1. Within the set of other residues whose C-beta is less than 10 Å from the C-beta of Lys45, count the net charge using Lys and Arg as +1 and Asp and Glu as -1.
2. Could you check the spin-label model distance between Asp288 and Ser130? Points 7 Å from the Cα along Cα→Cβ, value in nm.
3. Hey, if we sort Phe256, Phe300 by accessible area with the 1.4 Å probe, largest down, what's the order?
4. Find the centroid of the Cα atoms in segment 399-452 and in segment 173-241, then give the distance between the two in whole Å.
5. So if R0 is 51 Å, what FRET efficiency would Lys36 and Leu424 give, r being the distance between their Cβ atoms, rounded to the nearest 0.05?
6. How large is log10 of I(q)/I(0) for segment 196-382 at q = 0.11 Å⁻¹ when the intensity is taken from the Debye formula with one equal scatterer per alpha-carbon?
7. If packing is taken as the mean number of other Cβ atoms within 10 Å per residue, what is the order of 150-158, 394-402, highest first?
8. What does the net charge come to around Leu419 if you take all other residues with beta carbon closer than 10 Å to its beta carbon, with K and R at +1 and D and E at -1?
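The values are calculated or read from the model by the stated rules, or taken from the named source; none is laboratory data. Keep in mind that what you see is a predicted model, and the values were worked out from it rather than measured. Here Cβ is always computed from backbone atoms with ideal geometry, including for glycine, and neighbour counts include all displayed protein chains. What goes into the accessible areas is simple: the full protein's heavy atoms, side chains included, and nothing from ligands, DNA or RNA. Shrake-Rupley method; radii C 1.70, N 1.55, O 1.52, S 1.80 Å.
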Amino acid sequence: MQKNVLILDFGSQYTQLIARRVRELNIYCEIHPFNKLPEDLSVFKAVILSGSPFSCRNPEAPQPDLSNIKGKVPLLGVCFGAQFMAHNYGGEVASSDTREFGRANLSFIKDGEMLFENILEQSQVWMSHSDSIKSIPEHFTRIASTTDVLNAAYKIEGEDTYGIQFHPEVYHSTDGAQLLENFLVKIAKVPQSWTPSAFVDMTVSELKEKIGADKVILGLSGGVDSTVAATLLHKAIGKNLHCIFVNNGLLRKNEFESVLDQYKDMGLNVKGVDATDRFMDALKGISDPEQKRKAIGNSFIEVFDDEASLVEDATFLAQGTIYPDVIESISVNGPSATIKSHHNVGGLPEFMKLKVVEPLRMLFKDEVRRVGAEMGIDSKLLGRHPFPGPGLAIRILGDITKEKVRILQEVDAIFIDGLREWHLYDKVWQAGAILLPVDSVGVMGDERTYEKVVALRAVESTDGMTADWVDLPYNFLQKVSNQIINRVKGVNRVVYDISSKPPATIEWE
Ligand code: XMP
């Protein structure tokens with residue numbers, strides 16, 4: 001793997017964004033916590049120090065050891081990173097007395113400064129700090145200011161070391177991408193060679209070498225990550241990749257059959273296992289959401305293990321883990337409290353004794369899609385909305401029966417097909433229907449009815465961590481609601497969920 005840029009994380013909420021911006025320049029980068037430096041630093045051509053929730057004056061603040069970095073490779077400190085260096089090398093950092101949060105405009109840029117090439121004075125930058133660099137040490141040169149922040153950017157003389165108090169990674173810093181490009185390409189001379197096709201070539205040859213003639217087992221879910229992981233492995237080892245696609249009976253309508261066909265068309269060595277009854281038995285009478293997830297997770301492991309043991313001499317288990325999960329697990333802050341512990345249930349059961357291979361562990365979701373497109377995977381498959389592992393079980397509030405699953409599948413299919421027909425599907429991050437555990441009164445002919453209520457949910461989001469409801473056209477909602485009530489027996493009322501996350505969540509359970 002080409003190592004090019006090291007991002008040292010001090011716990012800022014924006015660290016991942018820095019990495020994404022760097023990758024958008026077709027430059028490979030890795031995030032490492034400041035207190036766990038990679039062993040071999042000589043492979044990196046540039047280092048970026050992230051921001052931090054800490055003030056560098058706080059005795060508890062991160063104290064990175066920069067002795068093998070500063071002055072040896074081009075170094076850019078962002079926000080805390082800039083303040084830390086100013087503070088440590090003889091400048092003064094104090095709590096700021098003017099507004100240093102939000103948009104600001106550069107009011108001074110030092111002539112001829114390479115970091116600001118092609119960036120004009122007045123360029124908008126995004127500030128987010130309560131400390132400010134009041135004075136810089138003698139061997140530092142001020143290279144940019146805003147009206148309120150005198151030392152908005154500095155350079156250390158005789159080195160390629162820079163500090164900036166604003167956040168170039170944030171969208172509101174209009175020339176942020178240009179600044180990162182100036183630093184990485186012009187100053188650090190990092191090659192812009194991180195492209196999907198380079199990734200595919202490199203990964204396929206690494207997988208060939210790692211796996212050799214061994215057999216690999218992979219659980220396909222129908223989702224983007226496992227599909228792209230399988231395609232990469234298939235390219236590397238062909239039929240030695242044994243894919244297992246389990247129908248837990250909680251997938252969307254006709255999903256199992258159609259996705260299985262698609263996998264076969266792609267040439268994957270895949271076995272479809274219909275374990276609906278096993279899952280339904282395990283779920284019988286369970287209403288508690290966490291218990292449902294446990295029952296499904298355990299049944300999945302059992303079914304998967306049964307199937308995997310039929311593949312003789314398998315030595316590897318492949319997983320579709322992606323970079324945000326990896327960053328989360330090694331983060332300075334530890335696993336984030338905002339992520340539900342039950343996500344990505346399943347994983348590798350201890351007793352299987354297989355070695356793990358994770359070809360996507362360094363990719364962001366959008367990169368996974370680009371890599372998938374590069375390998376010719378159908379855009380409809382790649383553009384699919386995320387779908388939770390426990391499937392419709394967490395969209396049926398209360399206990400699960402086959403009849404409830406059938407009703408929800410019908411409703412969901414009308415909604416999702418409608419989104420496609422109205423060209424709304426790709427504007428939405430995720431959508432689905434929820435079956436509520438109440439009967440509502442209605443009239444049909446002269447009769448009163450007591451039937452089910454369904455809620456429709458469509459959200460926009462970039463990563464599922466925060467989300468907002470989508471303002472779908474009224475006439476679309478009207479049409480879909482009519483179709484659902486007319487066609488799905490057992491449903492007499494449709495509502496639309498207009499809550500954002502937080503404080504609500506995307507799923508109802
Ligand atoms: P929430 O409901 O936490 O959902 O806002 C955020 C994202 O995670 C998905 N989700 C799950 N995925 N197992 C999964 O694999 C789960 O138990 C689970 N619960 C929620 C949800 O669909 C959304 O994309």
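1. Counting the neighbours of Lys45, the net charge comes to +2.
2. 4.0
3. Values: Phe256 25, Phe300 70 Å².
Result, largest first: Phe300, Phe256.
4. 39
5. According to the calculation, E is roughly 0.70.
6. -0.50
7. Numbers: 150-158: 20.7, 394-402: 18.9.
Ranking, from highest mean packing down: 150-158, 394-402.
8. Once all neighbours under 10 Å are counted, the net charge is -1.
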